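Below is one structure; the comments refer to it alone.
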Amino acid sequence: MKESSENYLFYQTRKALPFIQRAEGIHMWDREGREYIDGCSGAVICNIGHGDRRIEKVIADQAREAFFAYRTQFENEPAVLLARDLVTYSASHFNRVFYVSGGSEAVESAMKLCRQYFYNRGEGSRYLFISRTPCYHGSTLGALALTSYGPLEIPFRPLMVSYPKIPAPYCYRCPYHKEYPHCDRECARALETTIQEQGPENVAGFVVEPIVGASIGALVPPDDYFSIIQETCRKYGVLLILDEVMTGFGRTGKLFGYEHWNVEADIVALSKGMASGYYPLGAIITRSSIVDEVMEKGGFAHGHTYAGNPMACAVGREVFRIIREDHLVENSFSMGKMLKAELHRLEEKHEIIGQVRGKGLLLALELVRDRDTREPFPVEKEANLVLTDAACEEGLIVYPRRPLYGLSGDHVLVAPPLIVQEAEVREIVERLDRALKKTSEKMR
Ligand SMILES: Cc1ncc(COP(=O)(O)O)c(C=O)c1O
């Protein structure tokens, strides 16, 4: 046997990290006894907070019955009941659920369902997906092909289909050099132009995050954005696929992000907050007209081994019950409003904050070197990591943009668990205030 004191693990970072000892509510403690506030819910996942004893009980109860049963051999009650809950509380046209174990799998499944739907309908030429720049849809090759987020996709570009992208509505740095509302929503209208360029008969779906998460930091579209998108998709028979992996389950102050603008999507990808970090779980929800087309000709040619297992679904069902019955969506809305107002207060104080944005408890700070010109910090200064490290020193975890491959621009996500209370919001802001002060000094 090999013996060594080395740590054999590797991830995206080489940084030595503290060992987690315990987590409860919005707080976490490392092995040395240091306390941290989880100011970004891990990777914007722990919506119901840490250490909820109700989940512990559900896991213990389910463990006595069955951890695992394979979905082609047994149906299981938690899977059926969670699907019923998802259909009940989502938009009225959604009535079918397909389980997976994570966000990338959810996005891949949405793409493949969409493609197989068109294939079975005799529209086999439709294989292209259009997405936006920037965006993040996952790390597997299908979801990554939709992604436009250099740090996570540049080395892998030769491995993927090169799908067309349109600009995201990044009004702070408008790609058309216009100013909202004195623009013609060119970024939304680019969808129609791109569909025409590619040939409508070749386009299967448009994939979009209702509020852009990791790649640009809580980017909220203008209020009339999605009506243009929706109309364009309908006009050309292109399926509208919403990636609600980050925005779902109350994160943005509504149960699902699409509710902000009454978007009628064809397929929605879900994960993260769905099981809030207590178990790997994700799903797509869609309408029966899409599923029937696939099921009538032999079934969906896709699936993952762990999908829809009883334990994952039992946990997901309890998490969803807690989100509804503890009114966490409402709390996300009201605490989000308070936190955003506090972040604006910090903006007045700290010149390095270029913009505060987001909805509910999916909020972000964009950092700039010059507020008037909106000039970003030089890439090599890694301002977002400087702030993230300074926050960590103050006992606050925030979620930075990835630093690889020279992508300029800095943001951090501030997205605490949806259980956060007023006093805790104030504590988050105090710690962030100290971290911003340190960051400003370092960046000078
Ligand atoms: C919008 C969005 N889609 C998909 C994913 C991929 O999810 P996972 O990391 O669970 O595969 C993420 C992860 O951050 C995400 O934010």
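Structure values in brief
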item	result
Loop-located trypsin sites (Lys or Arg not before Pro) in region 30-74 whose Cβ has at most 13 other Cβ within 10 Å (DSSP)	31, 34
Residue 443 accessible area, 1.4 Å probe, all protein chains in place, Å² to nearest 10	20 Å²
Cα gyration tensor category, rounded, prolate or oblate, for the chain with a/c compared to 1.5	oblate
Set of region 108-138 residues, backbone N closer than 16 Å to the point 7 Å along the Cα-Cβ line of residue 162	128-131
Tensor-based shape of region 1-152 (alpha-carbon gyration tensor, a/c under 1.5 rounded, otherwise prolate or oblate)	oblate
Inter-label distance for residue 31 and residue 344, nm, one decimal - labels placed 7 Å from Cα along Cα-to-Cβ	4.5 nm
Rounded accessible area of residue 81 (nearest 10 Å², 1.4 Å probe)	40 Å²
Accessible-area ranking of 133, 147, 373, largest first, probe 1.4 Å	373, 133, 147
Label-point gap, in nm, between residue 12 and residue 92 - each point 7 angstrom along Cα→Cβ	4.0 nm
Range in the chain, longest, excluding exposed GluC sites (Glu not before Pro) [loop by DSSP; at most 11 other beta-carbon atoms within 10 Å]	76-295
Highest-fluctuation residue, 118, 19, 94 considered, GNM on the chain with Cα pairs under 10 Å	19
Within the accessible area of region 202-289 (1.4 Å probe), percent carbon and sulfur	45 percent
Per-residue SASA entry for residue 216, accessible area with 1.4 Å probe, Å² rounded to 10	10 Å²
Å² of accessible area per residue within the chain, as computed with a 1.4 Å probe and no ligands counted	45 Å²
Within the chain, helix-based [θ] at 222 nm, where runs of 4 or more DSSP H residues each add -39,500 (n - 2.57), nearest 500	-11500 deg cm²/dmol
Most fluctuating residue given options 412, 386, 212, as computed from a GNM of the chain linking Cα atoms under 10 Å	386
26 Å Cα-Cα reach of residue 15 towards lysines, excluding residues that sit fewer than 8 places from it in its own chain	2, 272, 381, 437, 438, 442
Projected label distance in nm at residue 227 and residue 75, using a 7 Å step from Cα toward the beta-carbon	4.2 nm
Antiparallel %, DSSP beta bridges [both residues in the chain], to 5	70 percent
Qualifying aspartates and glutamates (Cα of each under 20 Å from Cα of residue 112; at least 8 residues distant if same chain)	123, 201, 209, 243, 244, 264, 266, 292, 293, 296
Overall form of region 1-90 per C-alpha gyration tensor (a/c, 1.5; a/b vs b/c)	prolate
Listed residues 261, 29 arranged by accessible area, highest first, probe 1.4 Å	29, 261
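The values are calculated or read from the model by the stated rules, or taken from the named source; none is laboratory data. The shown structure was predicted, so the numbers you read here are calculated from the model rather than taken from an experiment. Virtual Cβ from ideal backbone geometry, glycine too; neighbours counted across all protein chains shown. All accessible areas refer to the heavy atoms of the entire protein, side chains included, with ligands and DNA or RNA removed. Shrake-Rupley method; radii C 1.70, N 1.55, O 1.52, S 1.80 Å.
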